[in-house]
Amino acid sequence: MDDDLRERIEREAEKHALLNAVKHESDADVGAIMGPLMGDNPDFRQHGDEIPGIAGGVIGRVNDLSYEEKRERLEDLAPEELAEIEAEDEEDEHDLPDLPNANDYDEVRMRVAPNPNGPWHVGHARMPAVIGSYKERYDGWFCVRFDDTDPETKRPDLEAYDAILEDLDYLGFEPDATYRASDRLETYYEHARELIELGGAYTCSCSGEEFSELKNNGEPCPHRDKDVETVLEEFEAMIDGEYESGEMVLRVKTDIEHKNPALRDWVAFRMIDTPHPREEASEYRCWPMLDFQSGVDDYLLEVTHIIRGIDLQDSAKRQQFVYDYFGWEYPEVLHWGHVQIDAYDVKMSTSTIAELIENGELDGWDDPRAPTLKSLRRRGIRGDAIVESMTGLGTSTSDVDLAMSTIYANNRDLIDEETDRRFFVRDGNQVPLGGSPPDEANPPLHPNHEERGVREIPVGASVMLEEDDLPQREERIWLKGLGCFQFTRDVLQYTGEDIDVVREGDVDVVHWVPADESVAVRMRTPDGDVRGHAEPGVADLDADELVQFERVGFARIDRHDEDETVVYYTHP
């Protein structure tokens, strides 16, 4: 083998070793690269006995590099192959399907359109999680548009506007724009007037029962053929508030014999006597229905893709009539099924949660028993964990179930390494100590990070143990961070035995707190409050700090009251 061939083999071996290492984010292996190496270079085969030895030396040098150094070297040697690997990785990372025809638009534009009748429950997180993720993928645009044009049935809560924006921020997304539909009434009126002039709408004074009978029979309303001037005049009277609630509506003229009765001449505007809670909108009495308001806004805001529930398929069909009159192109639409979430006794309903708060059955929107984003935030769950769980559901048209354990698992991945350990004993039993144990226990702050140091827990004359951890007579236990004890004559006698008794499987390891210097703790959980005692150092932790109570679970420090520390249980 001449020097030129050897140099070429080394160069090709290095490239394939780097491809293997970068793709799998691990060390390269001779056996793994031999197939691709020989396949790309068939003339190497006659030297097959020598090549593994040459490649082995190259692979050793490659494996000595850091991941970033491997990637940089590969970018120099084979930039196209590196780009393919990264494209594959990016595709593998996406739980969400590609948006339909996304490449046909200069910019992907989407909207989150909440009804501001209260802060978001957990199920609400799916929409912003998915839309925010699509925005990031396509470098697109999205807005929050508060669809608040029903001041009576779905009456807005003035505090909900900011509360929802706070929930969105918690999930990690910032809208490019924010709108309130109740600020845009004049815009909807202008488009209604234009629709009337196009012959696409008429005023109707039929009672609901009268029109329903006509509609179901495929018969036209007697007001359907009014001249444009009369319709415009009566619509202006609606705007001026000259009609009472239920006395007059504006209908979109569709197909009165359409096979789906729900699409026949649907209501675009109606009269509402109840003033809007926002002062800026309180004088209006003529309000658009959601299908008209939302359809107009989606066009004016240049929305390219809409995601909505499968139960709202008729909305697109109704709005298509308006779009056809105006000659507009309808956005791309994805429909998905409902998401059901377990682990809560409280119904996932904003109105239900609000009623429970009003009745005093819940403390507020952040009560740990409430299935709300504010509750999860107060419990110390990261917004990223929720987003990852929601996007993992995809966009199936079928109803999907999301276990809270999935959110917990995602959150555990985010917080486990950075969260220090502490002891917490629930409803502890006090047991005296004997046999001269150490005066202080020094368990590590984190078992995987010795550099963080240890806790300093004074032992005292007795400890508190959980009921299930109390040993039987003459049984030995290992008090974590302290040592081995034998339960004799109602006293835990220190035996001085080393950790081998645990390794041999004869002795259980339990957590504990000193009886004299422990901290009273009230832990708020989705199942109710749990009381107990924690090791003394917990009293020095800052509010909002996370801890892992060993063998109990993660918790967020909420506050230190005069007689107790209050923590919120995060998850196991």
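The values are calculated or read from the model by the stated rules, or taken from the named source; none is laboratory data. All values reported here derive from a predicted model rather than from experimental measurement. Counting neighbours? That spans all protein chains shown, and the Cβs are built from the backbone with ideal geometry, glycine included. SASA here: full protein model, heavy atoms, side chains in, ligands and nucleic acids out. Shrake-Rupley method; radii C 1.70, N 1.55, O 1.52, S 1.80 Å.
One way to sum up the overall shape of region 1-133 is the equivalent ellipsoid from its Cα gyration tensor, whose semi-axes run 47, 16, 12 Å, largest first. The protection proxy used here, the mean number of other Cβ atoms lying within 10 Å of each residue, ranks peptides 56-64, 402-410 as follows, highest first: 402-410, 56-64. Considering only 222, 446, 549, and ranking their Cα positions along the charge dipole of the chain that arises from unit charges at the beta-carbon of Lys, Arg, Asp and Glu, the one farthest toward the positive end is 222.
Checking (1) 34.2; (2) 44.9; (3) 38.3 against the coordinates, the calculated mean projected area of the Cα convex hull in nm² falls under label (3). The share of accessible area on the chain that comes from carbon and sulfur is 40 percent, using a 1.4 angstrom probe.
Over all projection directions, the Cα-based convex hull of region 509-572 averages an area of 4.4 nm².
Charges only on Cβ, +1 for Lys and Arg, -1 for Asp and Glu: so what's the dipole of region 186-254 about the Cα centre, in debye to the nearest 20? Can you show the working numbers first?
On the way: 6 positive and 18 negative charges, 84 e Å.
The calculated dipole for region 186-254 is roughly 400 debye.
Ordered from largest to smallest accessible area (heavy atoms of protein chains, 1.4 Å probe), the residues 205, 282 come out as 205, 282.
Estimated at the nearest 10 Å², the accessible area of residue 38 is 30 Å² with a 1.4 Å probe. Look at where the Cα atoms of region 94-167 and of region 448-502 average out, and the two centres are 52 Å apart.
Could you give the alpha-carbon Rg of region 26-81 over 2.2 N^0.38 Å, rounded to two decimals? Spell out each step's value before the answer.
Working: Rg = 12.2 Å, N = 56, 2.2 N^0.38 = 10.2 Å.
Against the empirical 2.2 N^0.38 Å value, I get 1.20 for region 26-81.
Taken as Cα centroids, region 331-368 and region 214-235 sit 40 Å apart, rounded to the nearest whole angstrom. For the Cα atoms of the chain, what angle does the longest principal axis make with the long axis of helix 79-93, in degrees from 0 to 90, nearest 10? It works out to around 80 degrees. Projecting the Cα atoms of 304, 274, 258 onto the dipole axis of region 246-306, where Lys and Arg carry +1 and Asp and Glu carry -1 at the beta carbon, places 258 farthest toward the positive end. Projecting the Cα atoms of 430, 336, 404 onto the charge dipole of the chain (Cβ charges, centred on the Cα centre) puts 430 farthest toward the positive pole.
In square nanometres and to one decimal, what's the mean projected area of the convex hull around the Cα atoms of region 258-409? Don't skip to the answer; put the middle values down first.
On the way: hull surface 50.2 nm².
Taking the Cα atoms of region 258-409, their convex hull projects to 12.6 nm² on average.
Straight-line cross-link reach from residue 259 at under 27 Å between alpha-carbon atoms covers these lysines, not counting any fewer than eight positions away in the same chain: 215, 226, 317. Need one value: the accessible area of residue 214 in square angstrom, 1.4 angstrom probe, rounded to the nearest 10. Approximately 40 Å² of residue 214 is accessible to the 1.4 Å probe. Surface calculation, 1.4 Å probe, protein heavy atoms: residue 148 sits at approximately 0 Å² accessible.
Taking every Cα-Cα distance in region 397-532 and sorting them into 10 Å bins starting at zero, the pair-distance distribution P(r) comes out as 11, 33, 32, 16, 5, 2, 0 percent. Just in region 1-100: which GluC sites (Glu not before Pro) are loop by DSSP and have at most 12 other Cβ atoms within 10 Å? Here the sparse-neighbourhood loop sites are 25.
Is the C-alpha gyration tensor of region 349-477 telling us rounded, prolate or oblate? Criteria: a/c under 1.5 is rounded; beyond that, a/b larger than b/c is prolate, otherwise oblate. All intermediate terms of the calculation are to be shown ahead of the outcome.
Values: a/c = 2.72, a/b = 1.86, b/c = 1.46.
Prolate.
Treating the beta-carbon of each Lys and Arg as +1 and of each Asp and Glu as -1, no other charges, what is the dipole magnitude of region 444-491 about its Cα centre, to the nearest 20 debye?
My answer is approximately 180 debye.
Only the Cβ atoms of Lys and Arg (+1) and of Asp and Glu (-1) were treated as charged; on that basis the dipole of region 118-269 about its Cα centre amounts to roughly 800 debye. For residue 434, the amide hydrogen comes within under 5 Å of the amide hydrogens of 492, 493, 494, counting only partners 5 or more places away or on other chains and with H modelled in the peptide plane. Under a straight-distance cross-link criterion of Cα-Cα below 28 Å, which lysines are reachable from residue 15, leaving out those fewer than 8 residues away in the same chain? Candidates past the 8-residue exclusion: 23, 70. Compared with the dominant principal axis of the Cα atoms in the chain, helix 126-138 is inclined by about 80°.
With contacts defined as alpha carbon pairs under 8 Å and 6 or more residues apart, what's the relative contact order of the chain in percent?
The value is 10 percent.
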